[in-house]
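Here's the structure, in structure tokens; my notes come after.
The values are calculated or read from the model by the stated rules, or taken from the named source; none is laboratory data. What you see is a predicted model; the values in this text were computed from it and never measured. Methodologically, a virtual Cβ is constructed for each residue, glycine included, from the backbone with ideal geometry; neighbour enumeration extends over all protein chains shown. These area figures cover heavy atoms from the full protein model, side chains too; ligands, DNA and RNA do not enter into them. Shrake-Rupley method; radii C 1.70, N 1.55, O 1.52, S 1.80 Å.
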Amino acid sequence: MKLERRYRDIINNLYNLTGFAIKLGLDRVEKLLNSLGNPHKKFKSILIAGTNGKGSTSAIIESILREAGYKTGLFTSPHLVEFTERIKVNGKKIKKGEVVKFVDSWINYIRKFECTFFEATTSMAFKYFYDNRIDIAVVEVGMGGRLDATNVLTPILSVITPIGYEHQKYLGESLLEIAAEKAGIIKNDNICITGIQLPEVEKFLRKECEKKGTYFYNSSNNSKVEILFFDIYGTKFNYISQKSHIENLF
């Protein structure tokens, strides 16, 4: 009961850091991570941005990597029921005691740098991943991409799910302004994968990759999925690409 009470106090403190304010930018989180020893620079990562489907895409990629034998970290937001859902190693949620330990150890730095809830949580995830010696982290971007706290990572792969209108107060009024913010996760000389996009968005992303010498791949142009059936327990489907045809996946 003592741990549970302390944990609840910690979560409330995190939520109240900046009065639920949204403050985009990397300066604060970089200072906090530097104080933590820059754990985000010590493991491989995949970064997922977009408007629709980025959470499920993150979960699917992590599951595939884990089944392939990698020790994985997964960072997603928001949570459905419990804060600990946001941070997982090998499919297991961070323990409440670890949340308490991190905040108790680093709250002075969190306050010193005036970090937001999301910046503190992102830093917690990266420290937890490093401490657990993961092989690779799958990280869902919070808002936008370019100035999102997760974009301190230099991923081995950037993924951009379908982009639509969202958070226009922060990301821009037009679709291409929003796309420009999402495209901020594309790194130089890297790989960027996307799926179904509106033609003007795909053209923009392709040009951004060309500027940065990054390989651009649109999976929807090279493969398709045939849904056989779906229910609350899962989906059965066929996967068809230029090189393979796999039936009855579940």
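Helix 117-131 axis versus longest C-alpha principal axis of the chain: approximately 80°, rounded to the nearest ten. Within region 115-167, the ratio Rg/Rh, alpha carbon atoms throughout and Rh by Kirkwood, equals 0.98.
Evaluated with a Cβ-only charge set (Lys, Arg +1; Asp, Glu -1), the chain carries a dipole of roughly 840 debye about its Cα centre, given to the nearest 20.
Protein-only accessible surface at a 1.4 angstrom probe places the residues 167, 79 in the order 167, 79, largest first. Simple spin-label estimate for residue 189 and residue 236 gives 4.8 nm between the two label positions (7 Å along the Cα-to-Cβ direction from each Cα).
When the alpha-carbon atoms of the chain are used, the pair Rg, Dmax equals 18.8, 58 angstrom. Any idea what angle helix 96-112 forms with the longest principal axis of the chain, computed on alpha-carbon atoms, 0 to 90 degrees, nearest 10? Its long axis makes an angle of about 80 degrees. Of all DSSP-defined beta bridges confined to region 62-171, some 55% are antiparallel rather than parallel. Net charge dipole, region 15-126: roughly 260 debye, given to the nearest 20, about the Cα centre with Cβ charges of +1 for Lys and Arg and -1 for Asp and Glu.
Can you spot the aspartates and glutamates whose alpha carbon is less than 15 Å from residue 211's alpha carbon? Ignore those fewer than 8 places along the same chain. Reachable aspartates and glutamates: 189, 202. Among the GluC sites (Glu not before Pro) found in region 141-183, those both in a DSSP coil and sparsely packed, with 12 or fewer other Cβ atoms within 10 Å of their Cβ, are 173. Computed from label points 7 Å out along Cα-Cβ, the spacing between residue 108 and residue 44 is 3.8 nm.
For region 13-85, the per residue solvent-accessible surface stands at 49 Å², with DNA, RNA and ligands left out and a 1.4 Å probe.
How much net charge surrounds residue 152 when only the other residues with a Cβ under 13 Å from the Cβ of residue 152 are counted, with Lys and Arg +1 and Asp and Glu -1? Net charge around residue 152: +3.
Taking every DSSP beta bridge that has both ends in the chain, the antiparallel portion is near 45%. Peptides 127-138, 217-228, 56-67 ordered by packing proxy, namely the average of other Cβ atoms within 10 Å per residue, highest first: 127-138, 56-67, 217-228. Return the subset of 93/212; 71/112; 96/187; 203/243; 44/93; 93/207 for which the Cα-Cα distance in this structure is over 30 Å, preserving the input order. The answer is 93/212; 71/112; 96/187; 93/207.
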